[in-house]
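Participant: Dropping the structure in here first, questions after.
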Amino acid sequence: MADTSQTQTAGPQWLGRAVLYALLVVFAVYYLMPLFVMITTSLKTLDDIRAGNLVALPEEISFAAWVKAWGTACTGVECNGLKGNFLNSVSFVVPAVIISTLVGAFNGYVLTMWRFRGSDVLFTLLLLGCFIPFQVILLPMAQTLGYLGIANSIPGLIFVHVVYGLAFTTLFFRNFYVTVPSDLTKAARIDGAGFFTIFWRIILPLSPAIIVVSVIWQFTQIWNDFLFGVVFSSGERQPITVALNNLVNTSTGIKEYNVDMSAAIIAGLPTLFVYVVAGKYFLRGLTAGAVKG
Amino acid sequence: MSTLSIINVKKRYGPVEVLKGIDIDVKDGEFLILVGPSGCGKSTLLNMIAGLDTITSGEIAIGGRVVNDLSPKDRDIAMVFQSYALYPNMTVRNNISFGLKIRKIPKGKQEETVNRVAKLLQIEALLDRMPSQLSGGQRQRVAMGRALARDPALFLFDEPLSNLDAKLRVEMRAEIKLLHDRLGATIVYVTHDQIEAMTLGDRIAVMKGGEVHQLATPQEVYDDPADLFVAGFIGSPPMNLVRAPVAHKNGKVGVNLHDGGETFFLAAPDAVQNGLSAWNGSEVVVGIRPEQITDDLARGHERSDRIKRRAKVDVVHPTGPDTLVLIQLNDTPVTCRVHPETRVQSGDNADLMFDLSKLVFFDPDKETRIR
């Protein structure tokens, strides 16, 4: 079969393939180059960096920069590396992702299965939340956090990210649940299940795909957030993104590119990890409901 | 006692009145069909019997107990949905036992019930599969199994067969009928398929625009339609409805028809002689079923209430058991049902026998029956 198709259109097909692959290679190199430079630089010694060129491989592989970035690099006055800030980030990102996803699922459930007068208006208003720039809410949010007594704290950051993420997670779950037939809830109601039983036993078990979408989205957003981190926290409570910035900007005479690169990779690894682990479900979730299954 | 009584039930969504006062009484063990075109309110009514939607006014009682303010789970009902609504994350077994589990029926009793129902519906081999692994017909059975497991006072079916292919639909139809005979359950069954309505129902409620136009046995609805809508809706192919002027001939009242040429007279049955005479000179709609215009072979010989006419055939539709022949009467296409061995062809003139005993007449404006 391959033979016949090739004899018919051998010339143009070969050319097309070649152009296609050439383009793909160019783009792949273009995107992989920075990652390559980051990884190689992080494994070089300072002498190696000064002597060699940017894209050269390290003379000898050294993990010293990684150890320093993790444990002893200076981020401002403190010189404890990124490990504390890494744990900071984990300690507010994980609860913020879980809470915003769960509340989003619950919102979506109510907005689709238990519509009430004005539920569509409410949903539209919630959607507006997706378009509000971070900067706009800085001042009011700082005041709110002050009133609630959780300013400059991990719970404060969790609160900010949950509130800001709700618009997105609600949108995800609502649009997913719209494709779930409402007969399911009706059947469950006749079977005797109540509001929460239906949510836990029927609706939530249908949702792994969209939960993965929400978790990846929220994790990436919150982990990578800089502005809220820099505004609503300080000192040792700062998230890793802010610490990374401080680490790179702290001048101690010599610019340690290898430590900067290691620190940047450390800061980026968790999101990479989430994508790799859940990426398969991510695509499936994004297209869920598109095909009747 | 599993009776259902619906008394003057109305439903309003804002200014729109969806149900305009429904009165239906269903006896214990009766199979009631709600039939009508889309948007007639039949599914709304069913949802209200189930308690999935509230009524604006009126009263619904199941087994003599008013259920207006009871939630679905307290109404002692079970429902089968058009989409089957099987819980996708549960096995067939758990789908059937979910309602029992929620009601905290003891484990042993649950298992016993699941096995009894599975045996009844012949789905024992499917109990540990997931709904996604089942065919349409199997899902349909599981949906019925879930309803049966609960052993409710009242079964509600919401167009349960409309997602099945034609062959399976006929099979499941027969099975539902058999099941009803065996269980003696009270059933309210919504459909838009008038063949399902005719074959399954003890009685049919024909609905349109939020009103019940007729509530009667299938044969009554077919032979004696209450109004123009019921006459046109029930029957396939539908009843021929032709506008015709009322006239007198030989001391009898009837209508004049023509097939483009000579006019001929169809005398009304004796029972409507009186009613129709008031319309002398004006136009009415006369209704005649396709099988009442047929040929000699199928219907025997001429009698006083049968007249023979020659008419020009426009189109011929062979269906197998019958051949449908289209002619023109008073410029309206009219379907006649002739024996397939009568080999007529379009353009021919065919001898047709009109059975006058079941002619029905309607007021063309009010669409009511003239009796």
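The values are calculated or read from the model by the stated rules, or taken from the named source; none is laboratory data. Every value quoted in this text rests on a predicted model; they were computed, and no experiment measured them. We place every Cβ from the backbone using ideal geometry, glycine too, and count neighbours over all the protein chains shown. For accessibility, only protein heavy atoms count, side chains too; no ligands or nucleic acids. Shrake-Rupley method; radii C 1.70, N 1.55, O 1.52, S 1.80 Å.
Participant: Can you name the condition, by its number, that B:ASN89 falls short on among (1) within 10 Å of chain A (Cβ to nearest Cβ); (2) closer than 15 Å to A:LEU184 by Cβ; (3) surrounded by 21 or more Cβ atoms within 10 Å (Cβ to Cβ)?
Facilitator: Just one mismatch for B:ASN89, condition (3).
Participant: Can you find a residue in region B:350-364 that is at positive phi and touching a residue at least 24 places away in the same chain (Cβ under 8 Å)? First the steps, then the outcome.
Facilitator: Taking region B:350-364 first, the residues at positive phi are none.
No, region B:350-364 has no match at all.
Participant: All but one of (1) open to solvent by 70 Å² or more (accessible area, probe 1.4 Å); (2) under 28 Å from B:LEU134 (Cα atoms); (3) within 24 Å of the chain's Cα centre (by Cα) hold for B:ASP28; which doesn't?
Facilitator: (2)
Participant: Also, I was wondering about something else. Among the numbered conditions (1) more than 14 Å from every other protein chain (Cβ to nearest Cβ); (2) closer than 24 Å to B:GLN219 by Cα; (3) of a type in the set (A, V, I, L, M), tell me where B:LEU46 comes up short.
Facilitator: (1)
Participant: Return yes or no: is A:VAL178 of a type outside the set (Gly, Ala, Ser), free of Cβ contacts under 8 Å to residues at least 40 places away in the same chain, surrounded by fewer than 24 Cβ atoms within 10 Å (Cβ to Cβ) and away from chain B (no Cβ under 14 Å)?
Facilitator: On the way: of a type outside the set (Gly, Ala, Ser): yes; free of Cβ contacts under 8 Å to residues at least 40 places away in the same chain: no; surrounded by fewer than 24 Cβ atoms within 10 Å (Cβ to Cβ): yes; away from chain B (no Cβ under 14 Å): yes.
Spelling it out, it is not the case that A:VAL178 is of a type outside the set (Gly, Ala, Ser), free of Cβ contacts under 8 Å to residues at least 40 places away in the same chain, surrounded by fewer than 24 Cβ atoms within 10 Å (Cβ to Cβ) and away from chain B (no Cβ under 14 Å).
Participant: Could you check region B:127-141 and list, in sequence order, the residues that are in a helix (DSSP H, G or I) and surrounded by fewer than 16 Cβ atoms within 10 Å (Cβ to Cβ)?
Facilitator: So the first thing to find is which residues in region B:127-141 are in a helix (DSSP H, G or I), and the list is B:131-133, B:136-141.
Passing the criteria: B:SER132, B:GLN133, B:GLY136.
Participant: Among the residues of region B:221-243, how many are under 19 Å from B:SER357 (Cβ atoms), among the acidic types (Asp, Glu) and touching a strand residue (DSSP E or B) at 6+ places or on another chain (Cβ under 8 Å)?
Facilitator: 1
Participant: Among the residues of region A:53-67, is there at least one that is open to solvent by 30 Å² or more (accessible area, probe 1.4 Å) and within 18 Å of A:ASN245 (Cβ to Cβ)?
Facilitator: Step one: of region A:53-67, the residues open to solvent by 30 Å² or more (accessible area, probe 1.4 Å) are A:53-57, A:59-61, A:63-64, A:66-67.
Subset that is within 18 Å of A:ASN245 (Cβ to Cβ): none.
No, there is no match, as no residue in region A:53-67 is open to solvent by 30 Å² or more (accessible area, probe 1.4 Å) and within 18 Å of A:ASN245 (Cβ to Cβ).
Participant: Being surrounded by 11 or more Cβ atoms within 10 Å (Cβ to Cβ), in a helix (DSSP H, G or I) and in contact with a helix residue (DSSP H, G or I) (Cβ under 9 Å, 6 or more places away or on another chain) is the filter here, so list the residues in region A:119-133 that pass it.
Facilitator: Going residue by residue through region A:119-133, those that are surrounded by 11 or more Cβ atoms within 10 Å (Cβ to Cβ) are A:119-120, A:122-123, A:125-127, A:129-130, A:132.
Checking which are in a helix (DSSP H, G or I) leaves us with A:119-120, A:122-123, A:125-127, A:129-130.
Result: A:SER119, A:ASP120, A:LEU122, A:PHE123, A:LEU126, A:LEU127, A:GLY129, A:CYS130.
Participant: Ok, one more. In region A:196-252, which helices (runs of 4 or more DSSP H) lie fully inside it and hold 3 or more residues that are open to solvent by less than 40 Å² (accessible area, probe 1.4 Å) and within 15 Å of A:VAL94 (Cβ to Cβ)? Write out each step before concluding.
Facilitator: On the way: elements: A:208-224, A:227-232, A:240-249.
In region A:196-252, A:208-224 are the helices (runs of 4 or more DSSP H) which contain 3 or more residues that are open to solvent by less than 40 Å² (accessible area, probe 1.4 Å) and within 15 Å of A:VAL94 (Cβ to Cβ).
Participant: Moving on to the next point. State which residue is farthest from B:ILE176 (Cα to Cα) when the search covers only region B:99-123 and only residues that are within 10 Å of chain A (Cβ to nearest Cβ) and outside any helix (DSSP H, G or I).
Facilitator: Narrowing region B:99-123 to residues within 10 Å of chain A (Cβ to nearest Cβ): B:99-104.
Cutting the leftovers down to outside any helix (DSSP H, G or I) gives us B:103-104.
Values: B:ARG103: 26, B:LYS104: 29 Å.
Among those residues, the one meeting the criterion is B:LYS104.
Participant: Pairs under 6 Å by beta carbon, first residue more than 17 Å from A:PHE86 (Cα to Cα) in region A:201-229, partner of a type in the set (D, E, K, R), six or more apart or different chains?
Facilitator: What qualifies is A:ALA209/A:ARG284.
Participant: Please tell me if B:ILE96 is closer than 30 Å to B:THR3 by Cα, facing another protein chain (nearest Cβ under 8 Å) and crowded, with 17+ Cβ neighbours inside 10 Å. Working first, answer last.
Facilitator: Values: closer than 30 Å to B:THR3 by Cα: yes; facing another protein chain (nearest Cβ under 8 Å): no; crowded, with 17+ Cβ neighbours inside 10 Å: yes.
So B:ILE96 does not fit the description; no.
Participant: Looking only at region B:73-86, count every residue that is touching a strand residue (DSSP E or B) at 6+ places or on another chain (Cβ under 8 Å) and either of a type outside the set (Gly, Ala, Ser) or surrounded by fewer than 18 Cβ atoms within 10 Å (Cβ to Cβ) (or both) and tell me the total. Before the answer, list the steps.
Facilitator: Taking region B:73-86 and keeping what is touching a strand residue (DSSP E or B) at 6+ places or on another chain (Cβ under 8 Å), we get B:75-82.
Now drop any that are not either of a type outside the set (Gly, Ala, Ser) or surrounded by fewer than 18 Cβ atoms within 10 Å (Cβ to Cβ) (or both), which leaves B:75-77, B:79-82.
Total satisfying the criteria: 7.
Participant: What are the residues in region B:182-212 that are in a helix (DSSP H, G or I), closer than 18 Å to B:GLY232 by Cβ, open to solvent by 10 Å² or more (accessible area, probe 1.4 Å) and hydrophobic (A, V, I, L, M, F, W, C), if any?
Facilitator: Passing the criteria: B:ILE195, B:MET198.
Participant: Please verify whether A:LEU145 is closer than 29 Å to A:VAL180 by Cβ, assigned to a helix (DSSP H, G or I) and either of a type outside the set (Gly, Ala, Ser) or open to solvent by 40 Å² or more (accessible area, probe 1.4 Å) (or both), treating the condition exactly as stated. Can you show your working first?
Facilitator: Numbers: closer than 29 Å to A:VAL180 by Cβ: no; assigned to a helix (DSSP H, G or I): yes; either of a type outside the set (Gly, Ala, Ser) or open to solvent by 40 Å² or more (accessible area, probe 1.4 Å) (or both): yes.
So A:LEU145 does not fit the description; no.
Participant: When you look at A:GLN143, is it in contact (Cβ under 8 Å) with a residue 24 or more places away in the chain and over 30 Å from B:LEU52 (Cα atoms), yes or no? Reasoning before the result, please.
Facilitator: Numbers: in contact (Cβ under 8 Å) with a residue 24 or more places away in the chain: no; over 30 Å from B:LEU52 (Cα atoms): yes.
So A:GLN143 does not fit the description; no.
Participant: Please determine whether any residue of region B:149-159 is crowded, with 22+ Cβ neighbours inside 10 Å, assigned to a helix (DSSP H, G or I) and touching a helix residue (DSSP H, G or I) at 6+ places or on another chain (Cβ under 7 Å).
Facilitator: Checked against the condition, which is being crowded, with 22+ Cβ neighbours inside 10 Å, assigned to a helix (DSSP H, G or I) and touching a helix residue (DSSP H, G or I) at 6+ places or on another chain (Cβ under 7 Å), region B:149-159 yields at least one hit.
Participant: Pairs please, first residue from region B:49-72 and within 12 Å of another protein chain (Cβ to nearest Cβ) and touching a residue at least 12 places away in the same chain (Cβ under 8 Å), second anywhere and among the basic types (Lys, Arg) and open to solvent by 40 Å² or more (accessible area, probe 1.4 Å), Cβ atoms under 6 Å, 6+ apart in sequence or on different chains.
Facilitator: Sorted first by the residue in region B:49-72, then by its partner, the pairs are B:LEU52/A:LYS186; B:PRO72/A:ARG189.
Participant: Here's another thing I want to ask about it. Take the residues in region B:41-72 that are open to solvent by less than 40 Å² (accessible area, probe 1.4 Å) and either of a type in the set (Lys, Arg) or part of a strand (DSSP E or B) (or both); name whichever of them is farthest from B:TYR189 (Cα to Cα).
Facilitator: It comes out as B:GLY58.
Participant: Hey, another quick one. List the number of the failed condition for B:MET79; all other conditions in (1) within 8 Å of chain A (Cβ to nearest Cβ); (2) closer than 18 Å to B:THR186 by Cβ; (3) not in a strand (DSSP E or B) hold.
Facilitator: (3)
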